[in-house]
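The values are calculated or read from the model by the stated rules, or taken from the named source; none is laboratory data. Only a predicted model underlies this, so the values are computations on that prediction, with no experimental measurement involved. Backbone-built Cβ (ideal geometry, glycine too); neighbour counts: all protein chains shown. To get the accessible areas, we keep the full protein, side chains included, count just its heavy atoms, and leave off ligands, DNA and RNA. Shrake-Rupley method; radii C 1.70, N 1.55, O 1.52, S 1.80 Å.
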Amino acid sequence: MNADILNLLRDPAGVPFYPIVFQGLYILTWALHALFVFLSIGSLGLSLYGTYKQKEDETWKVITPHLIQTGKLSVSLLIVLGVAPLLFTQVIYDPNWYTINTLSGLWVVIFIYTLLVGYSMYYWYYYANKKGSSSSKLIGVISFCLLVFAGLLMHVFSVQSIQPEKWMQWYAPNGVVDTSGLTFNPETIRFLFLMSLSIPAIGLFLQNYSDFLQSTKKLSIELLERVKNLGRKISTFGFFINLVLFLAWTFQINKMADIYTILIVVFTVIMLFISNKMNNSYFSSILFIVFLLAISGFREYLRFNIMNNLGYNVYDYPLNIEWASVSMFILTFLSLGGVGVTFIGTMAWKVGKSDGYFDASKDKAVTFMANSLLWILSSWCVVYFAWGFFVLFKNSL
Ligand code: HEM
């Protein structure tokens with residue numbers, strides 16, 4: 001692959017801010033996307049086991065509907081949080097992303113419908129389990145398979161996009177152009193490693209669940225202890241599986257002796273012990289987020305090196321700083337994003353901690369945040385549209 005072609009495929013308008021910032025934001029937001037991917041797959045997967053046990057086992061009777069609910073909310077968060085890394089990838093690695101969206105165009109369309117049907121069936125599973133319907137297990141299994149398949153498609157797009165030397169061969173195998181849009185080349189071990197991160201994610205979640213509810217009167221202490229122990233076992237087992245698969249993957253791509261690989265191996269071993277021994281599960285969960293950031297950084301490290309060796313360096317991307325859009329981004333992020341997330345997070349925390357009915361209108365902090373958010377959102381809409389129309393008319397009149 002000739003680097004000139006890759007560089008020609010870049011956006012002639014350049015990037016609106018320093019590429020390293022987009023790279024950092026990509027690493028951060030992909031880690032958050034991944035957190036909810038793993039939490040949703042983990043809780044949906046474990047809830048399927050729960051549907052078999054819930055009839056005769058008190059613990060599973062309590063946690064199965066909660067697992068289903070957690071997974072259901074996580075899917076919506078993974079979708080929202082998936083958009084951000086998608087945008088950052090498109091800014092600095094646009095030649096890669098758009099080429100793959102052409103070569104695997106039909107799979108991209110199939111991805112949307114897989115997600116749509118998979119998520120809709122998740123709601124069906126949720127209601128069927130609530131009603132105690134016997135069909136809920138089958139519906140849940142289909143939803144789980146569809147969501148995992150959506151992840152497999154995302155994985156295929158990711159790994160194909162970092163193999164520019166094979167694009168020509170996929171585009172025209174044996175010299176005959178293939179316009180089916182069905183190019184599909186997964187890297188099985190990488191995918192298995194990533195999906196296996198769902199196991200410690202749900203193990204840690206169960207520990208958080210137990211710690212969070214300890215201070216309320218909602219569930220008995222014995223039941224919460226059982227859940228915590230279950231969470232401990234699952235996360236320890238999960239980190240062990242992660243370690244094996246990570247070693248297998250790095251061996252396959254010839255990166256086993258790389259310093260970054262060694263760092264992640266050490267981190268995984270630390271996580272294995274911490275998730276098992278540490279009593280404060282909030283601390284282990286925060287460390288898990290740092291661990292996901294390290295994995296996200298590793299993905300980017302691989303991509304950056306592959307592309308740089310081909311002569312495509314993101315730091316050489318033509319720069320055309322647009323202060324207007326950069327300030328709009330920062331202001332939106334801090335005002336709407338910051339206050340919005342704090343408001344929703346605080347309310348969810350207080351609802352969970354209250355033993356009876358939580359009246360948000362009587363809570364000063366929540367009411368203050370809700371009112372501030374309304375004002376911020378209204379002003380944001382005015383600024384957004386006024387600014388947009390000003391630029392539009394300035395450019396077109
Ligand atoms: C249930 C649905 C989904 C699952 C299970 C899932 C899972 C994954 C996995 C496992 C990867 C890593 C692939 C690899 O590195 O080999 C990934 C990457 C990614 N996903 Fe998702 N994903 C889902 C939906 C979405 C959605 C809806 C979006 C966007 C709105 C999205 C955006 C991304 C992006 C941007 C990447 C990184 C691509 C790259 O730069 O290489 N994902 N996803």
Any residue that is open to solvent by 50 Å² or more (accessible area, probe 1.4 Å) and not in a helix (DSSP H, G or I) - is there at least one of those in the stretch 186-203? yes
Tally of residues being open to solvent by 70 Å² or more (accessible area, probe 1.4 Å) and touching a Pro at 6+ places or on another chain (Cβ under 7 Å) across the stretch 299-354: 3
Some residue of the stretch 166-178 being open to solvent by 20 Å² or more (accessible area, probe 1.4 Å), assigned to a helix (DSSP H, G or I), within 22 Å of Val290 (Cα to Cα) and within 16 Å of the ligand (Cβ to nearest atom): no
Only residues that are open to solvent by 20 Å² or more (accessible area, probe 1.4 Å) and either within 13 Å of the ligand (Cβ to nearest atom) or assigned to a loop (DSSP other than H, G, I, E, B) (or both): list them for the stretch 42-53, please. Gly45
For the stretch 126-136, state whether one or more residues are in contact (Cβ under 8 Å) with a residue 60 or more places away in the chain, in contact with a Phe, Trp or Tyr (Cβ under 8 Å, 6 or more places away or on another chain), within 28 Å of Leu44 (Cα to Cα) and basic (Lys, Arg). no
Residue check, Leu77 against (1) closer than 21 Å to Ile234 by Cα; (2) more than 10 Å from the ligand (Cβ to nearest atom), all met but one. Which one? (1)
The condition from (1) more than 16 Å from the ligand (Cβ to nearest atom); (2) modelled with pLDDT of 95 or more; (3) over 24 Å from Leu44 (Cα atoms) that Asn208 misses is numbered (3)
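For the stretch 157-165, check the following and say yes or no: at least one residue is away from the ligand (no atom under 16 Å from the Cβ) and either open to solvent by 50 Å² or more (accessible area, probe 1.4 Å) or of a type outside the set (Val, Ile, Thr) (or both). It would help to see each step written out before you state the result.
Our first condition is that a residue be away from the ligand (no atom under 16 Å from the Cβ); within the stretch 157-165, this holds for 165.
Imposing the further condition that a residue be either open to solvent by 50 Å² or more (accessible area, probe 1.4 Å) or of a type outside the set (Val, Ile, Thr) (or both) reduces the set to 165.
Yes, the stretch 157-165 contains at least one residue that is away from the ligand (no atom under 16 Å from the Cβ) and either open to solvent by 50 Å² or more (accessible area, probe 1.4 Å) or of a type outside the set (Val, Ile, Thr) (or both).
Please report, ordered by residue number, the helices (runs of 4 or more DSSP H) entirely within the stretch 54-134 with at least 1 residues that are within 28 Å of Asn208 (Cβ to Cβ) and open to solvent by 70 Å² or more (accessible area, probe 1.4 Å). Step through it out loud before you land on a result.
Values: elements: 58-92, 94-103, 105-131.
Filter on the stretch 54-134 gives 58-92, 105-131.
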Selection over the stretch 17-31 where residues are open to solvent by 30 Å² or more (accessible area, probe 1.4 Å), over 16 Å from Phe298 (Cβ atoms) and either in a helix (DSSP H, G or I) or within 11 Å of the ligand (Cβ to nearest atom) (or both) yields a count of 3
Taking the condition in contact (Cβ under 8 Å) with a residue 24 or more places away in the chain and among the hydrophobic types (A, V, I, L, M, F, W, C), does Ile330 pass? no
